[in-house]
2 protein chains.
Amino acid sequence: MSHAKTIVLPYASDFHTHLRQGDMMRAVTPLVKAGGVGTALVMPNLTPPIVTGEQAMEYKARLEELAPGVQFIMTLYMNPKLTPEEIHKSAKLGVTGVKVYPSGVTTNSDWGILEFEAYYPVFTAMQEENMVLCLHGECPSDATKNICIMNAEEKFLATLRKLHNDFPKLRIVLEHATTKAAVECVKELGDTVGCTITAHHLSIIVDDWAGQPHNFCKPVAKYPDDREALRQVIKEGHPRFFLGSDSAPHYRSAKQGEKPAAGVFTAPILIPLLATLFEKIGCLDYLENFISNNGRKFYQLPIYNDLSKLDDSQKITLVKCNDNEEFVIPQVYSVESDSVDVSDGGRQIVPFMAGQKLSWKLQ
Amino acid sequence: MSHAKTIVLPYASDFHTHLRQGDMMRAVTPLVKAGGVGTALVMPNLTPPIVTGEQAMEYKARLEELAPGVQFIMTLYMNPKLTPEEIHKSAKLGVTGVKVYPSGVTTNSDWGILEFEAYYPVFTAMQEENMVLCLHGECPSDATKNICIMNAEEKFLATLRKLHNDFPKLRIVLEHATTKAAVECVKELGDTVGCTITAHHLSIIVDDWAGQPHNFCKPVAKYPDDREALRQVIKEGHPRFFLGSDSAPHYRSAKQGEKPAAGVFTAPILIPLLATLFEKIGCLDYLENFISNNGRKFYQLPIYNDLSKLDDSQKITLVKCNDNEEFVIPQVYSVESDSVDVSDGGRQIVPFMAGQKLSWKLQ
């Protein structure tokens with residue numbers, strides 16, 4: 001398959017994406033499918049965050065209107081007011097997961113939690129409902145403990161181990177792993193612990209976001225050896241590691257100011273980007289498992305293991321680029337708005353690797 | 001002294017500063033003295049770089065015109081064309097040091113070197129002339145060796161050890177140390193090895209430049225434990241560690257674009273900033289040694305160990321701020337230019353800690 005000029009795959013499943021609200025939502029949601037994704041787990045960190053099953057279903061309906069044919073998987077934002085009753089109610093409404101942000105570590109995470117024990121009744125309800133705990137696995141920075149953004153993930157792993165130990169049947173996803181330590185930890189843990197990996201963390205290291213705000217995200221990309229560990233666990237074909245793009249659009253004006261926002265926007269180029277990376281790393285044969293089967297198994301969704309049974313609307317075709325077939329990533333994606341002056345270009349979104357060529361494109 | 005409302009000190013000596021050229025030079029050079037500095041070692045990374053003694057002396061004359069009363073200490077930019085003959089000539093003209101940038105690690109370092117052995121004849125001439133080797137101590141990033149901006153300094157220390165071993169009488173300054181490893185290495189080496197520390201590296205860690213381009217510089221600020229090691233070696237009163245601010249102005253437009261330039265601008269607030277930091281760290285008594293005596297001893301300049309022998313033009317007075325005496329760091333410093341449209345604010349320089357209060361000000 002790795003030498004073919006085209007590759008046919010099922011529409012990908014992206015188990016971590018940010019689709020925002022308002023103008024931004026209207027601009028980026030249709031781009032999910034354009035990037036080759038047919039199933040998208042949506043993060044709940046809106047303003048205000050999604051905290052009830054009803055809010056999640058309302059949000060889902062808005063997204064479905066914007067992107068017909070895409071299956072949206074909904075999550076709640078863990079917070080002190082979330083009750084076991086709301087978990088049971090949300091599960092019945094169709095909510096799949098709950099996202100936990102340790103306090104203060106990423107965009108809109110002011111509502112995050114510090115003391116996980118206080119949430120054990122909620123975790124118990126989630127385990128009963130077979131819901132998934134989506135963990136932003138970073139400790140808040142604390143100079144007195146030598147915790148900073150470079151080791152915040154590694155320092156969090158003890159908490160992951162404890163949660164898994166205390167809730168062995170609760171499915172937990174360590175989101176957007178960035179370190180060798182995280183990869184090794186997840187591999188050691190049981191089958192109820194999965195791990196998402198982003199396209200950009202397979203691509204960049206700390207050098208690439210230092211002085212390049214459009215590559216800056218949380219968790220930050222780390223050392224070359226960490227990136228290599230992410231690549232190796234994919235090359236091993238480990239079944240509990242799968243795609244969660246953490247595609248996170250921000251306006252150009254928010255990325256190029258005095259305090260650039262954290263987030264890398266990959267949604268509209270996601271599967272061509274991954275195909276390009278996997279080919280470079282030498283594991284194009286594992287692309288289908290990574291972008292579809294592994295995650296769908298973990299999330300207990302139907303597996304597309306027989307492509308001949310899918311109709312064309314369920315499949316994507318990647319085409320190898322050549323001199324006649326180029327795919328240059330757009331410099332910007334525009335956000336339309338009636339209410340805001342867009343003359344300064346502030347309401348544009350700069351994608352990851354803007355202006356660069358990819359080796360694969362979608363037909 | 002630490003409880004006094006005022007502190008009288010000699011004008012400080014800053015053994016690492018960037019004064020640029022053209023409009024930028026005209027704007028920032030007068031601010032050296034405003035920041036409390038009377039002796040400034042000037043970096044040679046202009047465009048094109050300063051590579052001969054004559055160029056250094058011409059540059060010095062321009063700086064002296066802009067900042068009467070400041071003593072400028074001049075350096076050359078190490079490059080493949082620099083000869084032992086030029087070293088001898090430059091020494092006679094009054095050049096004090098040669099700056100070495102390993103290739104590709106910082107602003108305007110394309111002319112830097114990789115193979116230090118090729119420069120041993122130059123180092124030999126420098127040792128004969130009692131000149132100082134100013135080392136930007138970082139290895140170029142190399143993913144295959146797991147070298148990136150976070151460990152580039154630590155990985156460089158073997159080269160520092162080798163240079164010191166091969167040229168034990170050559171005075172070498174490891175510039176702008178940022179790591180515990182560098183501090184420990186310099187302490188272990190002989191009396192001919194000194195080390196500069198910046199004000200900003202005493203203040204910030206990696207979290208502070210991630211998503212804050214005005215705090216972004218090379219070498220990047222690192223872990224909390226690294227910052228603590230820099231603070232501790234000052235609290236120990238170690239005589240071979242001294243001030244080199246690495247104040248490095250860039251236009252706001254160059255700091256807030258798609259690829260923010262590396263450099264933090266501290267010159268106009270330098271000594272009040274250091275007094276504020278030293279008080280916070282609890283070592284205000286060591287301020288005089290750090291900003292004057294230690295570095296001047298290493299550079300074999302006259303020591304101001306009897307303040308009563310200095311006239312007022314040689315001294316500065318720090319005043320403790322209170323409710324009536326505030327020092328708020330300006331939001332910007334403007335660069336005047338006849339030739340460029342300044343309407344977009346691009347030709348402003350944003351200082352370190354813009355808009356924040358300091359606990360000490362200069363009288």
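Considering A:A56, A:A4, which residue is among the small types (G, A, S) and modelled with pLDDT of 95 or more?
On inspection, the qualifying residue turns out to be A:A56.
With the condition being within 23 Å of A:P10 (Cβ to Cβ), I'd like the helices (runs of 4 or more DSSP H) fully within region A:190-290 carrying at least 1 qualifying residues. Walk me through how you get there before you give the answer.
On the way: elements: A:206-209, A:224-235, A:252-255, A:270-281.
Filter on region A:190-290 gives A:224-235, A:270-281.
Please go through region A:177-222 and give me each residue that is among the polar types (S, T, N, Q), within 14 Å of chain B (Cβ to nearest Cβ) and free of Cβ contacts under 8 Å to residues at least 40 places away in the same chain, ordered by number. Give the derivation first.
Taking region A:177-222 and keeping what is among the polar types (S, T, N, Q), we get A:178-179, A:192, A:196, A:198, A:203, A:212, A:215.
When the remaining residues are screened for being within 14 Å of chain B (Cβ to nearest Cβ), the result is A:178-179, A:203, A:212, A:215.
Hit for region A:177-222 is A:Q212, nothing else.
Of the residues that sit in region A:244-271 and are of a type in the set (A, V, I, L, M, F, W, C) and within 11 Å of chain B (Cβ to nearest Cβ), which one is most open to solvent (accessible area, probe 1.4 Å)?
Only one residue tops the list, namely A:A254.
Within region A:227-238, is even one residue of a type in the set (D, E, K, R) and crowded, with 24+ Cβ neighbours inside 10 Å?
Yes: region A:227-238 contains one or more residues that are of a type in the set (D, E, K, R) and crowded, with 24+ Cβ neighbours inside 10 Å.
Could you count how many residues in region A:280-301 are hydroxyl-bearing (S, T, Y), open to solvent by less than 50 Å² (accessible area, probe 1.4 Å) and closer than 15 Å to A:A199 by Cβ?
1
Mind checking whether some residue in region A:180-188 is touching a His at 6+ places or on another chain (Cβ under 8 Å) and either open to solvent by 10 Å² or more (accessible area, probe 1.4 Å) or farther than 24 Å from A:N45 by Cα (or both)?
Scanning region A:180-188, I find at least one residue that is touching a His at 6+ places or on another chain (Cβ under 8 Å) and either open to solvent by 10 Å² or more (accessible area, probe 1.4 Å) or farther than 24 Å from A:N45 by Cα (or both), so the answer is yes.
How many of the residues in region A:127-158 are in a helix (DSSP H, G or I) and open to solvent by less than 20 Å² (accessible area, probe 1.4 Å)?
Residues flagged as in a helix (DSSP H, G or I) and open to solvent by less than 20 Å² (accessible area, probe 1.4 Å) within region A:127-158 amount to 4.
Tell me which residues, restricted to region B:138-163, are in contact (Cβ under 8 Å) with a residue 60 or more places away in the chain and not acidic (D, E). Quick ask: steps written out before the conclusion?
As a first pass, look at region B:138-163 and keep what is in contact (Cβ under 8 Å) with a residue 60 or more places away in the chain: B:138, B:149-150, B:152-153.
Residues satisfying the conditions are B:I149, B:M150, B:A152.
Go through region B:165-176 residue by residue and tally those that are in contact (Cβ under 8 Å) with a residue 40 or more places away in the chain and either at positive phi or not in a loop (DSSP other than H, G, I, E, B) (or both). Explain how you work it out, then say what you get.
To start, the set of residues in region B:165-176 that are in contact (Cβ under 8 Å) with a residue 40 or more places away in the chain comprises B:166-167, B:169-173, B:175-176.
Now narrow it down to the ones that are either at positive phi or not in a loop (DSSP other than H, G, I, E, B) (or both): B:166, B:171-173, B:176.
Residues flagged as in contact (Cβ under 8 Å) with a residue 40 or more places away in the chain and either at positive phi or not in a loop (DSSP other than H, G, I, E, B) (or both) within region B:165-176 amount to 5.
For region A:113-137, enumerate the residues that are under 21 Å from A:K218 (Cα atoms) and touching a strand residue (DSSP E or B) at 6+ places or on another chain (Cβ under 6 Å).
Result: A:L133, A:C134, A:L135, A:G137.
Go through region B:1-24 and give me each residue that's touching a helix residue (DSSP H, G or I) at 6+ places or on another chain (Cβ under 7 Å) and open to solvent by 10 Å² or more (accessible area, probe 1.4 Å).
Across region B:1-24, the qualifying residues are B:M1, B:S2, B:V8, B:Y11, B:R20.
If a residue counts only when it is under 17 Å from the mean Cα position of the chain (by Cα), which strands (runs of 3 or more DSSP E) contained entirely in region B:1-93 have at least 3 such residues?
The qualifying strands (runs of 3 or more DSSP E) are B:12-17, B:37-42, B:71-77.
Considering region B:94-105 alone, what residues qualify as being out of contact with any Leu (no Cβ under 6 Å at 6 or more places or on another chain), assigned to a loop (DSSP other than H, G, I, E, B) and surrounded by fewer than 23 Cβ atoms within 10 Å (Cβ to Cβ)?
B:G94, B:G104, B:V105
Would you confirm, using the coordinates I've provided, whether B:T159 is within 14 Å of B:V186 (Cβ to Cβ) and either β-branched (V, I, T) or within 12 Å of chain A (Cβ to nearest Cβ) (or both)? Outline the logic, then answer.
On the way: within 14 Å of B:V186 (Cβ to Cβ): yes; either β-branched (V, I, T) or within 12 Å of chain A (Cβ to nearest Cβ) (or both): yes.
So B:T159 passes the test.
For the condition touching a residue at least 12 places away in the same chain (Cβ under 8 Å), open to solvent by 10 Å² or more (accessible area, probe 1.4 Å) and among the hydroxyl-bearing types (S, T, Y), what is the one hit in B:T39, B:T47? Working first, answer last.
Working: B:T39 fails: open to solvent by 10 Å² or more (accessible area, probe 1.4 Å).
Matching residue, one of B:T39, B:T47: B:T47.
Could you count how many residues in region B:38-65 are in contact with a helix residue (DSSP H, G or I) (Cβ under 6 Å, 6 or more places away or on another chain) and closer than 27 Å to B:Q348 by Cβ?
2
Identify all residues within region B:223-243 that are within 8 Å of chain A (Cβ to nearest Cβ) and under 16 Å from the mean Cα position of the chain (by Cα); write none if there are none.
none
The values are calculated or read from the model by the stated rules, or taken from the named source; none is laboratory data. Since this is a predicted model, take the numbers as computed values, not measurements. Cβ atoms come from the backbone with ideal geometry, glycine included; neighbour counts cover every protein chain shown. These accessible areas exclude ligands, DNA and RNA; they are computed on the full protein's heavy atoms, side chains included. Shrake-Rupley method; radii C 1.70, N 1.55, O 1.52, S 1.80 Å.
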